[in-house]
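Asks: Here it is: the structure, laid out below.
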Amino acid sequence: MKETVLEVRNLQVEFSGDGTTVKAVDGITFGLNRGETLGIVGESGSGKSVTALAVMGLLQTPGRVSGGEIWFRPQPEAQPINLVNLPAEEIQLYRGGDIAMIFQEPMSSLNPVYDIGFQLTEAIMRHQNVSIAEARQIAIALLQEVKLLPSDEKIQQEYINTYPQPDGFKLAQLVKQHKEALLERYPHQLSGGQLQRVMIAMAISCNPTLLIADEPTTALDVTVQATILELMAELQQSRQMSMIFITHDLGLISEIADQVAVMYKGKVVEYGAVEQIFSSPQHPYTKGLVACRPTLNRRPHKLLTVSDYMSAEISPYGEVVIQAKTPTPPLEVTREEITQRLATLSKKPPLLEIRNLKVGFPVRGVFGGIKRYNMAVNDVSFDVQPGETLGLVGESGCGKTTLGRTLLRLIEPMAGRIIFEGQDITTLKGVPLQKLRREMQIVFQNPFSSLDPRMRIGDAVMEPLLIHAVGKTKEQRQERVVELLKRVGLQADDMKRYPHQFSGGQRQRICIARSLALNPKFIICDESVSALDVSVQAQVLNLLKELQEDFQLTYIFISHDLSVVKFMSDRILVMNNGEIVEQGTAESIYLEPKEKYTQKLIAAIPTGSPERRKK
């Protein structure tokens, strides 16, 4: 173990309850050398996060380490320590100091009632013998290191440009105020990317030997994600940290990891160097994960999924038995097919016409008066053809979701027109607006918050039928619900179950079934796959394409991921700061992007190629 920082041997973690015991981690073994990155990849429920929590000593009842060893060497000259055998008081001496963790959701990881400065200095003072003033200076230096604050020289130059010829004392005071102001901000005053930088600063505050990053970029735009990955690689190199990077996206792992452990049902099914995993994956589960993510340079008719590469059954002894399968490669969409489809779509009159649409949110002054408007949608115009999928892509805050909700009249526009099937619906109210709702539906981003946890699935899907008085009897409505659930790959018996009894992918299928209940012509998919595992994402994307063909649906597909949008869309609109900055066919946007903003979005997408891996 001369160069080894962490060695996990035959680790087992169990959760007990209701008289049953579940093995969340089942005898996994791996090692991590100093200065290297181990990627742990797998779907939700594979045991990735539980493994990280076991290393940190953060497992809570009813979870416990039931077997195995976790050997950790904090310094090269130190003796390795088995973290499993340490009492809770002793492991606290290592947790946060020698071993740090970045959690998945920064907004829920930071306390909303304390400012950033307090939370950073609390971590520093817990592990370092310093005063509050010294801790605040360390916190500022950390925020500069994670590039949330510019360097003193850049701040000085900015003030010199603003205040001509300031004296030295005044300049020093301005620089100090600028840095202190960030420490006094609260979590809700920072963006997702800024919050994640705060979390990284907190994690590296005590110069840890081992940093565990648990899905640190899942909730972020691809451009912010690329920036965070670059930052973590720089910090790791400058501090010689070892890192465990946990994600469900193999494409992401390829660009940051040295070694990869692929987990499935609590076991490591494949382990090796990142180049080996990507160039010649051996296990069918790994092959499925590699294949299921859409790429920019290919456009298949459908995406392969994990189920195309393997089937899994439970043996009489409770073991998972995997049977490998050889999938038939899907046919590629040809240029002739794309050209013919676009020509066919363009012959029909538009289903939806948007003209000079503007949506603003008021900014109020001290006495409640409106000072100005923040324009979320600023003079936007476009058409949507019947049967088309129009992709809408851009970073968070660019106005995508606001535009989508305004089209459905969930948000009132300030100016402009929304014309649906030749009728101006911008000012519709009352009964005419309610009738319009039958034709226009939405699938929201988060399937966990889109369903009422107190309603059975059958009632949730039936609710639109009751509101719009579809079906003469309860039996007819139930038949419609069963038909919808089967169409999205669920069973009739699922009607009686509650949302918490389904996985994320199943919940999104339920939301899609609900959106189809009234036979709409137009559906907005608002980041409808961004919260899902890549394998489940592929299943839902294939389902949406099948449903479009079967029911002649028209989609606006909103996402920040251009690779997903390109797979789904006929045409793409690129949105930035409330405006459409570029539009064209899916192929032309990828092959010949004209705007630097579009080029930046494309460059930030993980390619799944180890050649782009950090040096």
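Asks: Which percent of the Cα-Cα distances in the chain go past 36 Å?
Replies: Values: 84453 of 188805 pairs.
Of all Cα-Cα distances in the chain, 45 percent exceed 36 Å.
Asks: Which percent of the accessible heavy-atom area of the range 13-54 goes to carbon and sulfur, probe 1.4 angstrom? Spell out each step's value before the answer.
Replies: Details: 740 of 1560 Å².
Carbon and sulfur: 47 percent of the exposed surface of the range 13-54.
Asks: To continue, here is another question. Which cross-chain or sequence-distant (5 or more) residues have an amide H under 5 Å from the amide H of T554, H modelled 1.01 Å from N in plane?
Replies: For T554, the qualifying residues are G387, F522, I523.
Asks: Shape call for the range 368-454 from the C-alpha gyration tensor, a ≥ b ≥ c root eigenvalues: rounded (a/c under 1.5), prolate (a/b greater than b/c) or oblate? Don't jump to the answer; show the numbers that get you there.
Replies: Numbers: a/c = 1.23, a/b = 1.06, b/c = 1.16.
Note, shape of the range 368-454 comes out rounded.
Asks: E421 versus Q282, label points 7 Å from Cα toward the beta carbon: distance in nm?
Replies: Here the answer is 5.9 nm between the modelled labels.
Asks: A follow-up question, please. Multiply the residue gap between R355 and D152 by 0.36 nm, knock off their C-alpha separation, and tell me the result in nm, one decimal place. Don't skip to the end; give the middle numbers.
Replies: On the way: separation 203, 0.36 × 203 = 73.08 nm, distance 4.71 nm.
Gain in length upon complete extension: 68.4 nm.
Asks: With r defined as the distance between the Cβ atoms of K596 and D379 and R0 fixed at 30 Å, what FRET efficiency is calculated, to the nearest 0.05? List each step's numbers first, then the result.
Replies: On the way: r = 21 Å, r/R0 = 0.70.
Once the sixth-power term is evaluated, E becomes 0.90.
Asks: What size of dipole, in debye to the nearest 20, comes out for the chain about its Cα centre when the only charges are +1 on Lys and Arg C-beta atoms and -1 on Asp and Glu C-beta atoms? Please report the intermediate quantities before stating the final value.
Replies: Details: 67 positive and 70 negative charges, 317 e Å.
Rounded to the nearest 20 debye, it is 1520 debye.
Asks: Could I ask something else about it? Rounded, prolate or oblate: which fits the range 51-159 when a ≥ b ≥ c are the square roots of the eigenvalues of the alpha-carbon gyration tensor, with rounded for a/c under 1.5 and prolate only if a/b beats b/c? Don't skip to the end; give the middle numbers.
Replies: Details: a/c = 2.49, a/b = 1.92, b/c = 1.30.
Prolate is the answer for the range 51-159, as a/c is 1.5 or above and a/b outweighs b/c.
Asks: Here's a follow-up. Accessible area per residue, 1.4 Å probe, Å², for the range 47-87: what's the number?
Replies: Details: 1910 Å² over 41 residues.
Per residue, the range 47-87 has an accessible area of 47 Å².
Asks: Now a separate question. How do the peptides 261-268, 333-340, 25-32 rank, highest first, by the average count of neighbouring beta carbon atoms within 10 Å per residue?
Replies: Values: 261-268: 23.6, 333-340: 11.9, 25-32: 20.0.
Most protected by this proxy first, the peptides run 261-268, 25-32, 333-340.
Asks: Applying a 10 Å radius around every beta-carbon, put 270-278, 517-525 in order of their mean neighbour count, most first.
Replies: Values: 270-278: 18.2, 517-525: 20.8.
Put in order of decreasing packing, that is 517-525, 270-278.
Asks: Using the per-residue mean of other Cβ atoms lying within 10 Å as a proxy for protection, in what order, highest first, do the peptides 449-461, 344-356 fall? Spell out each step's value before the answer.
Replies: On the way: 449-461: 17.0, 344-356: 15.2.
Top to bottom by mean Cβ count within 10 Å: 449-461, 344-356.
Asks: Nearest 500 deg cm²/dmol is fine: what mean residue ellipticity at 222 nm does the chain get from its DSSP H runs of n ≥ 4 alone, each adding -39,500 (n - 2.57), divided by its residue count? Please report the intermediate quantities before stating the final value.
Replies: Values: 23 runs with 229 residues, N = 615.
The helix-only estimate for the chain comes to -11000 deg cm²/dmol at 222 nm.
Asks: Looking at the square roots a ≥ b ≥ c of the eigenvalues of the Cα gyration tensor of the range 433-578, which shape do they give, rounded for a/c under 1.5, prolate if a/b is larger than b/c, or oblate?
Replies: Details: a/c = 1.87, a/b = 1.42, b/c = 1.32.
It comes out prolate by the Cα gyration axes.
The values are calculated or read from the model by the stated rules, or taken from the named source; none is laboratory data. Quick caveat: nothing in here was measured; it's all calculated off a predicted structure. Cβ coordinates were reconstructed from backbone atoms using ideal geometry, including for glycine residues, and neighbour counts include every protein chain displayed. Remember, those area values only see protein heavy atoms, side chains included, never the ligands or the DNA or RNA. Shrake-Rupley method; radii C 1.70, N 1.55, O 1.52, S 1.80 Å.
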